[in-house]
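Reading through the structure tokens given below for one structure.
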Amino acid sequence: MEIFDILASAAFWAAAIRIASPLIFATMGELICERAGVLNLGIEGIMVAGAFAGWIAVWAGLPLWGGVAVAFAAGAAFGLLHGVLSVPFGLSQHVVGIGITLLATSLTFYTYRVVLPEVSSPPKIVAFAPWPVPGLSQIPLLGPALFTQTPLTYLAFGLVGLVSLVLYRTPLGLALRAAGEAPAAVAAQGLSVTGLRLGAVVVGSGLMAVGGAFLTLSAFDSFFFDMVNGRGWIAIALVVFGAWRPGKAMLGAILFAAFDALQIRLQQTALGALVPYQVFLMLPYALSILALVAMSRRAEVPAALMVPFNKGER
Amino acid sequence: MAQEAGAQPVVLRLSEISKSFGALKALDGVSLSLARGEVLALLGENGAGKTTLMNVLFGQYTADRGSVEVMGRALPPGAPRAALAAGVGMVHQHFTLAGNLTVWENIVLGTQSLWRGRIGARAARARIADLAARFHLAVDPEAKVGRLSVGERQRVEILKALYRDARILILDEPTAVLTPQESDALFATLREAVGQGLSVVFISHKLHEVMAIADRVVVLRHGRMVAERAAAETSAPELAALMVGGALPESEIAPRPAGPALLRLSQVSTRPEGRAPGLREVTLSLHAGQITGLAGVSGNGQRALSDLVSGLVAPSLGGFEIGGAPVSRWSPRAAIARGIGRIPEDRHRTGTIADFDLTENAVLETYARDFARHGWLDWRAARAHAEALIRGYDVRCPGPGTRIRLLSGGNMQKLILGRVLETGPRIILANQPVRGLDIGAVTYVHNRLAAARDGGAAVLLISEDLDEVMKLSDVIHVISEGRLSPPFARGAVSVATLGEWMAGAHFAPAAAGKTGGAHHAA
Amino acid sequence: MRLEPIAAPSLARRILPPALAILGAFVVAAVLARLAGGAPFAVFSGIVTGAVGSKFAALETLNRATPLIFTGLAVAVAFRAKLWNIGAEAQLYAGALVTAVLGTGALPLPAPLLLPLICAVAMLAGAALLFGPAVLKTRLGVDEVVTTLLLNFIFLLFVSYLLEGPLKDPMGMGWPKSARLVPEARLPRIVEGLRLHWGFVLALIAAALVWVINARTTLGFEMRAVGANREAARFAGIPVTAVTLKTALLSGGLAGLAGFSEVSGLKGALTLDLSPGYGYSGIVVAMLALLHPLGVVAAALFVAAIFVGADAMSRAQGVPTYLADIMLAAALLFMVLAILLTKFRVVRD
Amino acid sequence: ALTGLGAGRARAEGEVLKVAGIYTVPVEQQWVSRIHVAAMAAKERGEIDYTYSENTANTDYPRVMREYAESGYKLIVGEIFGAEQEAREVAAEYPEVAFLMGSSFAPDAALANLSVFDNYIQDASYLSGIIAGAMTKTGNIGMVGGFPIPEVNRLMHAFMAGVKETRPDATFQVSFIGSWFDPPKAKETAYAMIEAGADLLYAERFGVSDAAKEKGVLAIGNVIDTQADYPETVVASALWNFQPTLDAAIAAVKAGAFTAADYGQYSFMKAGGCALAPHGTFEGKIPQAALDKVAAQEAAIKSGAFTVAIDDSEPKSS
Ligand SMILES: Nc1ncnc2c1ncn2[C@@H]1O[C@H](COP(=O)(O)OP(=O)(O)OP(=O)(O)O)[C@@H](O)[C@H]1O
Ligand SMILES: Nc1ncnc2c1ncn2[C@@H]1O[C@H](COP(=O)(O)OP(=O)(O)OP(=O)(O)O)[C@@H](O)[C@H]1O
Ligand SMILES: [Mg+2]
Ligand SMILES: [Mg+2]
């Protein structure tokens, strides 16, 4: 298959959408945090924790959606820790984030090993199966690409709409956007910057964890160490790429995933035999940077991102 | 003590408020009350405690002692939400607006339950439009606040309070950033609102404004209330004396013959930046021994001219000469090297580095030239320099090792003034040099600028305070939409004429109607 | 709640919170070890013994601190100027790559010439890798958090390609790793038989130099000014762009040195797993040190001691060794909080 | 010295041997899991006392070796591909401790207490290829690997050689995902190969068999037996059995006879170190001709009449 054939195939786009799904959860989570003014570098670890928590819950007997809820709760718990340290205490968001990633990852691995000391391959669960949307899945090309996915993928895309709606159409969204831009303005209007930011980090972290759980409940059916494999960091890049807007960030995630799906397929073309496989693996990252450069000047960074707010101080 | 105004009911009562920051007693047993429909002016030097008192009232600070009562009911301490709910609106000295939101979004922010499903934008916008019309507060509700001029932001702040049906409005130095017209409009608005039953606490350093708008005046000094007067029974000189605890010398600017032109712009244009207009074919000469004043409504190109002279921006078209030699590579460093001393508009954002100490701030422009050899800094010399500035310019501070963030605006400004004047500049750019300063500091800065002019420097004074421009300048230009009027000699032009120019009335029709920088395409 | 600065913190104020933070991390480790069947009280002594209980243990701690000092300095320098360099990992590998290329016999020079040369080129390589993002930031406003972060992935794949291709050790039996360094390109060991090498001393010197640059030179002043208030710095005539680029060079160079030190001093060859995330840990070290270069040394030693000690303890206790990372994370989070509480008090209002 | 050795030997026989594993990846990783499983089995049998450290960075590897050596472990098992030089230095300092290490290098007579091994199961991979060649209809085979290291490459080459025996015109799609643990990515890669016509996948990584199962194509297992998990999918698997390697080392240590040796031979089919997994549900579904071929080649391998070539170079798509 050559590039054109690849791009024209529904299977390729189905793969892109699938690969994009966990990124979308994570990106929305990160976006909410950053819109409220908190850079959440705990994302990578929180995704690991979510992947594990969701899976182990299902393995222990909960239904799949119960696993999703447990993953969200686990992420929210780490988010709460992140939030308490970085919001009211105003500690460096870099340190707290990296500390949370380290903590969540190692705690997950530790727990895994304590719970499952003697396995040589982790137990499997019955993961979400693709659920063709009645009617829509019959549309040629679009049907198999978009509407023959697992429920979690539909949830991911629904989430983008929900996040946009909340951010741009509700008083809460207004307050969140203001909290990341001018916390003093929020406080002067009688709202609690601390509460807003804390809430954003908790909910955002929960969503990141669901992104992790996508890997164990939908993309695959068991948990492996290191399986998050940098997807959290990608989400951070996607938020910037999307200029802190949910829709654009989602497009970024799809674009990134499409490059990933493309490189997988290009490795099999005549080109694949000539070019080292590392070049293909680089492709999504390199193109992300290029895309970022191309659209650089237009992004509006939340002005108070990474700036702790302490009322009383000027 | 003057009596509370007439028979109107008391809407606000502060009793025995005390507040300390560490060892500093910012407020010491201050009590005051406010009647319905009354305008109370709060006066005091920088650091007297005015803002702190209002922050206590608004619940942003918690008082150590004392109570706040609104409409007879005690407010819980430390709860802006409760203050807002009780009908207190506050326009902060430093604006509290989110630049990424539109005007209407800023106004609506926090007025609804966060858990409501939708904002109800249509109703909100209608209400804002209604308020704006009723109180003559013209702003575009759809504009992003980040792009508004200071005057427009001020109006948004007031709208915010009105939108919440504030019964008590606190205005902390609202006119510090306004043009005379804007101030007048504000006063008209306030009178209108007061007529409808609003009560106002008005903080200002400008005594004539206080005399014009206030019913009653309270003077704070060092955190204590030192006087209370009915406006009708006092005078500006008396208030000034009360504020500083003594009489102030009036500054006198004697006329002087002009020297040679030190800086010359001919037909200079610059690119507009966002909403801020660029310069449009501006011709200007700054002469030695003269103060050239620039009058104009904010947002008409003052920023562009200031950026040009201070080296931040190079002309896109036109001729630019300093000391008779054309300017090529233009940068802040080049400007300093060419003998331009620059007092920036915003001392917090561009004038100083808040987390640096006074020594570091004192040498910010000259460290490389005067305090370093082969890249090594001589901190001893720098410190000595800072100490000299502190002494020579009456900067009140614990010492050169203090972080400048802890200084009041006036003292910060004096350090900047010293930093600029000590280099012996031939040309001085003074952009809003006394914005927000108290009378003592204002007089000090004005005297220093006048002395520099007498010493042969060419001073460009940019101010939105027309009184200041008229008082200090030898010649006056008006700037409007990036265009510059011809020079007017002091005394040869009336406020009314200047006002017409400010409104853009007399500019050549060829240029009129075009937006700033549109001709660059040619 | 609100934080209020304390003008003159008492001695107790300055010592108690950090001490409690360390104790807290120990308690976390003990509780978790207990849950996995370990003996909680042996945890305490086990960590101390593991970190500094013997000459070997102490030197291993110093050894592990070495790259952290370099990357910590790299991050501190950049963050000080508000250049958010998250790419120390890649810059480390750039330095390591250069060392592996030049140190494997390409240059027939004696050690006194070869070592400084490799060292310098390794710095340049690290610097070059951060220079790109810095240029993109200053010229086009491209967010450097993202570019440096993504470059970590890209550069590691590049190294992976080289190690499986042109740089693969012909004597390596197919394993992706570079040829061994010639003896002239090796930093000698400080104690024969143990792993600690002169890279550690180099790290201390680097810390001292950065400190001098920060405090005494115009460049240091400019870097701090640009970081503290870019707009004011620009207005004052400080060449902000040039300073940002210089900062990038210095920061990247320091991270490059970490790679040089690890390859030349410790491993003697380049592998794809040279760094277990030293670039990221550098951020932690730098922030623990409040971006102070001398603090970086202390913070790196702290981080290394906790890790080495807890790792050894978990082995002795027979509990999963992931406990070491948990304890490190707990110590880190507790410690940053403790440092805050030495300077601020929490006020309720 | 002789008496000293004798005394040590007597003690060693009386006690359980203290064995420690040091792995650079978690024990779920296929290669390591075989060592781990064998050690756990020996522990169950009461022969050894076993503990391990997983996910140890190569930077920390020498330190961990020392820590175990210092705390009385007599046999240390692990993999020093990424830390050869330093590991050998440590081994030299603890001559009384036996080190059995996965390594690409030959044993060194001067370092008597360090022996090497690797997963030389190309024999079984080759046989699994024979079956694969017979089972593929399209002749298009997909192979998803983690990294192209010798341990992976040699098995892929042997497999491909086996395929050619029954399907000379077969083509291969080869991909590396650059990670040991990213099953979702391995799965996506496998999907792509199926889209491109593969009807049989060589499952080097977790995730590949899952894709095969979902899409209804076949898979060949590698190193571990996953037939039970994918009964309709995994036709055959080349198993690595580490037991012979470990048993030999344990016996040698207990006998005080551990010396520098290459234990790689214990992974060969002759030594029982590798085998073709039972066909399970595919019993009877594999063409008899192929099974005959397998039997013949297996016999030839065991007799030494046939040797499967060891090719450690990176395989490419064809
Ligand atoms: N957040 C704070 N922390 C510490 N001290 C403060 C703080 N805010 C105000 N102060 C102190 O309280 C005193 C009163 O400050 P305040 O801002 O009320 O003065 P002000 O009268 O509003 O002055 P200005 O005319 O300059 O606005 C100052 O001298 C200052 O030292
Ligand atoms: N964090 C702080 N700690 C201590 N004092 C502070 C702090 N922030 C402000 N202050 C004090 O508050 C007082 C008022 O500060 P503010 O910034 O309002 O100055 P200002 O005189 O009003 O200047 P400007 O008119 O330029 O705003 C100053 O005297 C300053 O010392
Ligand atoms: Mg004030
Ligand atoms: Mg003020």
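The values are calculated or read from the model by the stated rules, or taken from the named source; none is laboratory data. It should be emphasised that the depicted structure is a prediction, and the values quoted were computed from it without experimental measurement. Methodologically, a virtual Cβ is constructed for each residue, glycine included, from the backbone with ideal geometry; neighbour enumeration extends over all protein chains shown. Side chains included, ligands, DNA and RNA excluded: accessible areas come from the protein's heavy atoms. Shrake-Rupley method; radii C 1.70, N 1.55, O 1.52, S 1.80 Å.
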Length added when fully stretched, residue B:258-residue B:405, from 0.36 nm per residue minus Cα-Cα: 49.0 nm
Chain C - accessible surface per residue (Å², probe 1.4 Å): 34
Electrostatic dipole magnitude of region B:10-244 [Cβ: Lys, Arg +1; Asp, Glu -1; Cα centre; debye, to 20]: 800
19 Å reach of a label modelled at residue C:10, 7 Å along Cα-to-Cβ, counting backbone N of region C:330-349: C:338-348
Cubic angstrom per residue, convex hull over Cα atoms of region D:148-203: 77
Pairs of alpha carbons in region B:340-485 whose separation is greater than 27 Å (percent): 22
Extent along principal axes [Cα atoms of region B:353-419; Å; largest to smallest]: 35, 23, 17
Spin-label zone in region D:228-266 - amide nitrogen under 19 Å from a point set 7 Å from the Cα of residue D:108 along the C-beta vector: D:258-264
D:70, B:321, ranked by accessible area, largest first (probe 1.4 Å): D:70, B:321
FRET efficiency for residue D:255 and residue D:283, using Cβ-Cβ distance with R0 set to 51 Å, rounded to 0.05: 0.80
Cβ neighbours within 10 Å from other chains - mean over A:106-118: 6
Residues residue C:140 and residue B:316, FRET efficiency given R0 of 25 Å [Cβ-Cβ distance, rounded to 0.05]: 0.75
Cα-only radius of gyration and Dmax that characterise region B:10-244, units Å: 17.5, 56
Average partner coverage of B:100-108, which counts Cβ from other chains inside 10 Å: 4
Relative packing of peptides D:265-277, C:165-177 - highest average C-beta neighbours within 10 Å first: D:265-277, C:165-177
Chain B: DSSP helices with Cα axial extent of at least 20 Å and average Kyte-Doolittle hydropathy no lower than -1.0: B:180-195, B:439-454
About the Cα centre, charge dipole magnitude for the protein assembly as shown (Lys/Arg +1, Asp/Glu -1 at Cβ), debye: 3100
For D:137-148, mean number of other protein chain Cβ atoms within 10 Å: 1
Heavy-atom accessible surface of region C:64-293: percent carbon and sulfur, 1.4 Å: 73
Region B:89-187: chymotrypsin sites (Phe, Trp or Tyr not before Pro) in DSSP coil with no more than 15 other Cβ atoms inside 10 Å: B:115
Accessible area of region B:353-419 divided out per residue, in Å², using a probe of 1.4 angstrom: 44
For region D:117-245, alpha-carbon Rg over 2.2 N^0.38 Å: 0.94
DSSP-defined antiparallel bridges as percent of all bridges, chain D, nearest 5: 5
Over 18 Å (Cα to Cα) - which of D:164/D:293; B:19/C:343; B:160/B:206 fall in this group: B:19/C:343; B:160/B:206
P(r) tail fraction, region C:43-197 - alpha-carbon pairs more than 19 Å apart, %: 65
Lys, Arg +1 and Asp, Glu -1 on Cβ, resulting dipole of region B:353-419 about Cα centre, debye, nearest 20: 100
Residues residue D:85 and residue C:49, FRET efficiency given R0 of 35 Å [Cβ-Cβ distance, rounded to 0.05]: 0.80
Label point 7 Å beyond Cα of residue B:71 along Cβ direction - residues of region B:24-39 with amide nitrogen under 18 Å: B:34-38
With every protein chain in place, chain D: carbon and sulfur % of accessible area (1.4 Å): 55
Percent carbon-and-sulfur accessible area, region A:182-248, ignoring ligands, DNA and RNA, probe 1.4 Å: 62
Tail beyond 56 Å, pair distance distribution of the protein assembly as shown (Cα, percent): 32
Accessible area expressed per residue, region B:96-165, with surrounding protein chains retained (probe 1.4 Å, Å²): 42
Largest-first principal axis extents of the Cα set of region B:119-215 (Å): 41, 30, 18
Debye log10 I(q)/I(0) for region D:90-183, one point scatterer per Cα, at q = 0.12, 0.15, 0.17, 0.22 Å⁻¹: -0.53, -0.70, -0.79, -1.03
Cross-link reach list, lysines versus residue C:168, counting only Cα pairs under 24 Å and skipping chain neighbours closer than eight places: C:177, C:267, D:316
Among A:261, C:252, C:310 - extreme Cα towards positive end, dipole of the protein assembly as shown, charges at beta-carbon: C:252
Low-density loop cleavage sites - trypsin sites (Lys or Arg not before Pro) in region B:42-119, where at most 11 other Cβ are within 10 Å (DSSP): B:116, B:118
Enclosed volume per residue, in Å³, of the convex hull spanned by Cα atoms of chain A: 143
Chain pair D, A: total accessible area buried, heavy atoms, 1.4 Å probe, Å²: 3100
Span per principal axis, largest first, for the Cα atoms of region B:287-358 (Å): 39, 31, 29
Lysines whose Cα lies under 20 Å from that of residue C:82, excluding same-chain neighbours fewer than 8 positions away: C:137, C:246
Cα point-scatterer Debye curve for chain C, base-10 log of I(q)/I(0) at q = 0.11, 0.14 Å⁻¹: -0.78, -1.18
Among beta bridges that DSSP assigns inside chain B, antiparallel share in %, nearest 5: 55
Furthest towards positive pole of dipole, C:181, C:202, C:278, structure part region C:64-293, Cβ charges: C:202
Among B:232, C:171, B:375 the positive-end extreme of the charge dipole of the protein assembly as shown (Cβ point charges): B:232
Reference-scaled alpha-carbon Rg (2.2 N^0.38 Å with N residues) for region A:170-314: 1.33
